[in-house]
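Contents: one structure, followed by commentary.
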Amino acid sequence: MTIARVAIIGLGLLGGSIGLATKARGLPIATTGWDRDASVRQRAAARGLVDQVCERAEDAVAEADLVILCVPVGAMGDAARAIAPGLAPHAIISDVGSSKEAVAEALAQALPGATIIPAHPVAGTEQSGPEAGFATLFAGRWCIITPPDGADPAAIAALSDFWTQLGSKVELMDAAHHDLVLAVTSHIPHLIAYTIVGTASDLEDVTQSEVIKYSAGGFRDFTRIAASDPVMWRDVFLTNKGAVLEMLGRFTEDLTALQRAIRSGDGDTLFDLFTRTRTIRRAVIEQGQDDERPDFGREHGE
Ligand SMILES: NC(=O)C1=CN([C@@H]2O[C@H](COP(=O)(O)OP(=O)(O)OC[C@H]3O[C@@H](n4cnc5c(N)ncnc54)[C@H](O)[C@@H]3O)[C@@H](O)[C@H]2O)C=CC1
Ligand SMILES: O=C(O)C(=O)Cc1ccc(O)cc1
């Protein structure tokens, strides 16, 4: 199965980065794109995110071997219905959504009989929109592919190859397991960031300007995460409800234990946890899963 033509639906950070990476790596693949927002279509064309930005969804997907839906997870069903009339019978339909079980269901319902292989590149930033994409986003990052039971092995192989050619490391995973793992490694950290920044900005005896002025430490990192796209993250929490609530239950128990340790002056408990977590950070850096790549800050103007 050769992928010679890819249609990208949704031309924001993820869609734009796929288009730019395909071009920058010189892949022999033609790219088309569509976004439901006319202003995004125009800005995407101006930046050359794909070879051809189409005015209609069905034109963008006509003759595409692979269609990648790069819209918020709550909009996957709508996007799938928009492309349905133009799809080639052999096309592989995939996506980049941050939650996988709900997306797989929405796509299967919208496109009965289609070859659907959901995926999630675990790579992104707090930015969104057609100006945010960059060609190196996926380099060295994991892309988790969650094929449904009975999926065509040739289609899985073709999608895996595509992501490998964009520079990603590919792993196959069951969708439910993906959702549980990402709940703890990505979704709950975002929820915590939104909470802590919200709590700080609500404080009555600390002014907003003090929060901004003295946010040199950990709080500064939280403000980056808490600047992430509200539509995208609303949809993530609504679609990964079960796994997020399960992990949030455990997190709340652990937080309560820390609260008790602080109240009772139990320094050993605090020290032991902080020592254990330090080793995790070291392992993350050794595996190259941090954002301390030499080009990352520069490309983001930091
Ligand atoms: N932002 C990130 O760091 C990451 C995001 N993702 C996932 O990628 C997907 C896209 O996220 P971003 O590119 O960050 O968002 P974005 O906001 O930059 O781009 C999304 C685009 O989809 C368009 N859109 C919305 N509904 C549509 C519809 N029904 N039909 C056609 N176009 C529609 C919007 O106009 C927008 O241009 C989401 O599902 C998100 O969960 C995955 C990995 C990382
Ligand atoms: O900006 C960050 O730190 C991220 O965590 C980006 C991100 C957001 C959502 C995903 O599904 C994957 C990666």
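The values are calculated or read from the model by the stated rules, or taken from the named source; none is laboratory data. Worth saying up front: this structure is predicted, and the values here are computed from it rather than measured. Because the Cβ atoms are built from the backbone with ideal geometry, glycine has one as well, and the counts that use them run over all protein chains shown.
Residue-by-condition table, conditions (1) exposed (fewer than 14 other Cβ atoms within 10 Å of the Cβ); (2) within 30 Å of ALA44 (Cα to Cα); (3) among the aromatic types (Phe, Trp, Tyr):
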{"residue": "ASP179", "(1), (2), (3)": "no, no, no"}
{"residue": "LEU182", "(1), (2), (3)": "no, yes, no"}
{"residue": "ARG220", "(1), (2), (3)": "yes, no, no"}
{"residue": "GLY242", "(1), (2), (3)": "no, no, no"}
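Taken over the stretch 72-84, the residue count meeting the criterion of being out of contact with any Asp or Glu (no Cβ under 8 Å at 6 or more places or on another chain) and within 16 Å of ligand 2 (Cβ to nearest atom) is 0.
Mind telling me which of the residues PHE138, PHE162 ends up being modelled with pLDDT of 95 or more, assigned to a helix (DSSP H, G or I), buried (at least 16 other Cβ atoms within 10 Å of the Cβ) and among the aromatic types (Phe, Trp, Tyr)? Just a single option satisfies the conditions, and that option is PHE162. Set side by side, the residues ARG234, ARG260, ARG250 differ, and just one is basic (Lys, Arg), at pLDDT 90 or above and within 22 Å of the chain's Cα centre (by Cα), which is ARG234.
Given ILE192, ILE196, ILE188, ILE212, which one is within 14 Å of ligand 2 (Cβ to nearest atom), assigned by TED's automatic domain parsing to the domain that holds ALA243 and more than 17 Å from the chain's Cα centre (by Cα)? None of the others qualify; the one that does is ILE192.
Only helices (runs of 4 or more DSSP H) whose full extent lies in the stretch 1-82 are considered here, and the ones with at least 2 residues that are touching a Phe, Trp or Tyr at 6+ places or on another chain (Cβ under 7 Å) and in contact (Cβ under 8 Å) with a residue 40 or more places away in the chain are 13-24, 57-61. Cβ-Cβ contacts under 6 Å between residues 6 or more apart (or on different chains), taken from a first residue in the stretch 152-170 that is closer than 16 Å to VAL96 by Cβ to a second residue that is loosely packed, with under 15 Cβ neighbours inside 10 Å and of a type in the set (Val, Ile, Thr), are listed as VAL170/THR164.
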